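Report on the following structure.
The values are calculated or read from the model by the stated rules, or taken from the named source; none is laboratory data. Remember, predicted model here, so these are calculated numbers, not experimental data. Here Cβ is always computed from backbone atoms with ideal geometry, including for glycine, and neighbour counts include all displayed protein chains. Areas reflect the complete protein model, heavy atoms only, side chains present, ligands, DNA and RNA absent. Shrake-Rupley method; radii C 1.70, N 1.55, O 1.52, S 1.80 Å.
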Amino acid sequence: MIAFPPLDPEAIRSGLPHSSRIGREILVLEETSSTNDIAAQLGRDGIPEGVVVFAENQTAGRGRLQRKWESLSHKGLWFSVLLRPSWDFSEWSRLATWAAVGIARGLDEVLPGIQSGIKWPNDVYLRGKKAVGILCESAAGPGGFAVVGIGVNVNHLRTDFPEELQVRATSLLESAGPDTLPFDRQTVAATLLKHLDALYPTLECDFASVLAEAESKSILLGRRITIRGALESDPTYEAIAERLEPDGSLRIRLDNGGTRIVSGGEVSIGSFAS
Ligand code: BT5
């Protein structure tokens, strides 16, 4: 049995530049329902942006549409970033692209030789399996804020995942190969926050470059995909993923030659008949 040292806010902060806005304050909870709920409460309390809330264990970790996020105690990084973007609310959807690109850059630093891939809209993959999920939630209006929740599987063994996830989910440890020692989660956390912080200002001044990077890291573009639930009128269909639009949504080409732009839904690679 390997002991995992608990997350320590000071140790994570010490791996970040002094000027870092993301992670200027770090909270580590032993257990909570969902770090997104805690960060949202801080948002309602008027706390400035940049605070990051980690929890060793989430009893109600969630994905989109209230799906369950498996948050095995002390094995991963389950955290939420509170943000107050100064730009127009209609462009806050950029945060999903920011988180995916920032996390992918961070994983590429801690896993040299393995290239992470972004699966639009909100997952980061390692070796063809989901290692990271991202959940963006926001409250508009005066005092509005966004919470970007990020779940990173770090030191899981394959058997740590529930059986139905074992073929689809992976961790940094599993991706790195059989003889790898568990990762120091403080270092991984600091590396991810460092990249998120470095990329944050670019969201406002040069989002096109962030999108270009998301496209270059995309595991969907150019491939045949199946989309469920993006359009109520047409719940499941196949298409070729073509490109990202200026606002971060996905342009797809249908078999009849037409194009569509989708901003959400469940995407899988390949044909649903296969
Ligand atoms: C996501 O949703 O992938 C967003 C997950 C965000 C989790 C973080 S943890 C910190 C913060 N606090 C929270 O409560 N949430 C955020 P979605 O695209 O809906 O994917 C959910 C699906 O991913 C599930 O239905 C499972 O199929 C799969 N899944 C669940 N747990 C997983 C895990 N640990 N690793 C990989 N896949 C998982």
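See the values below:
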quantity: Dipole of the chain [Lys/Arg +1, Asp/Glu -1 at C-beta], most positive-end residue of Ser216, Trp92, Leu172; calculated: Ser216
quantity: Global form of the chain, assessed from the alpha-carbon gyration tensor, a/c cut-off 1.5; calculated: oblate
quantity: Residues listed by number, segment 102-133, amide nitrogen under 18 Å from Arg158 label point at 7 Å toward C-beta; calculated: 126-131
quantity: Rounded to whole Hz, the Karplus (6.51, -1.76, 1.60) HN-Hα couplings of segment 88-95, x for glycine and proline; calculated: 4, 4, 5, 10, 5, 4, 4, 4
quantity: Residue-span extension gain [Glu242 to Asp88] - 0.36 nm each, minus C-alpha spacing; calculated: 52.7 nm
quantity: Accessible area of segment 1-132 belonging to carbon and sulfur atoms, whole % at 1.4 Å probe; calculated: 54 percent
quantity: Amide H partners (placed H, <5 Å) of Gly61, local residues excluded; calculated: Trp69
quantity: Under DSSP loop assignment and at most 16 Cβ neighbours within 10 Å, longest GluC sites (Glu not before Pro)-free interval of the chain; calculated: 26-231
quantity: Listed pairs Lys68/Lys217; Lys68/Lys130; Lys119/Lys194; Lys68/Lys194 exceeding 18 Å between Cα atoms; calculated: Lys68/Lys217; Lys119/Lys194; Lys68/Lys194
quantity: Stretch gain in nm, segment Ile47-Arg127, where the contour uses 0.36 nm per residue and the Cα spacing is subtracted; calculated: 25.0 nm
quantity: Per residue accessible area of the chain, 1.4 Å probe, in Å²; calculated: 46 Å²
quantity: Shape call, segment 1-62: gyration tensor on alpha carbons, a/c limit 1.5; calculated: oblate
quantity: Stretch in the chain that is longest and holds no chymotrypsin sites (Phe, Trp or Tyr not before Pro) that DSSP places in a loop and that have at most 16 other beta carbons within 10 Å; calculated: 88-271
quantity: Cα shape, segment 179-248, gyration tensor, a/c 1.5 rule; calculated: oblate
quantity: Mean separation of Cα contacts under 8 Å, 6 or more apart, over the residue count of segment 8-99: relative contact order %; calculated: 27 percent
quantity: Kirkwood-based shape ratio for segment 146-274, expressed as Rg/Rh from alpha carbons; calculated: 1.02
quantity: Measure of compaction for segment 2-134 (Cα Rg per 2.2 N^0.38 Å); calculated: 1.07
quantity: Descending principal axes extents, segment 67-192, alpha-carbon based, whole Å; calculated: 51, 29, 25
quantity: Sites Ser209 and Arg168, calculated FRET efficiency, Cβ-Cβ separation with R0 35 Å, nearest 0.05; calculated: 0.70
quantity: Of Ile150, Thr259, Leu244, farthest towards positive along the dipole that unit charges on Lys, Arg, Asp, Glu beta carbons give segment 133-274; calculated: Thr259
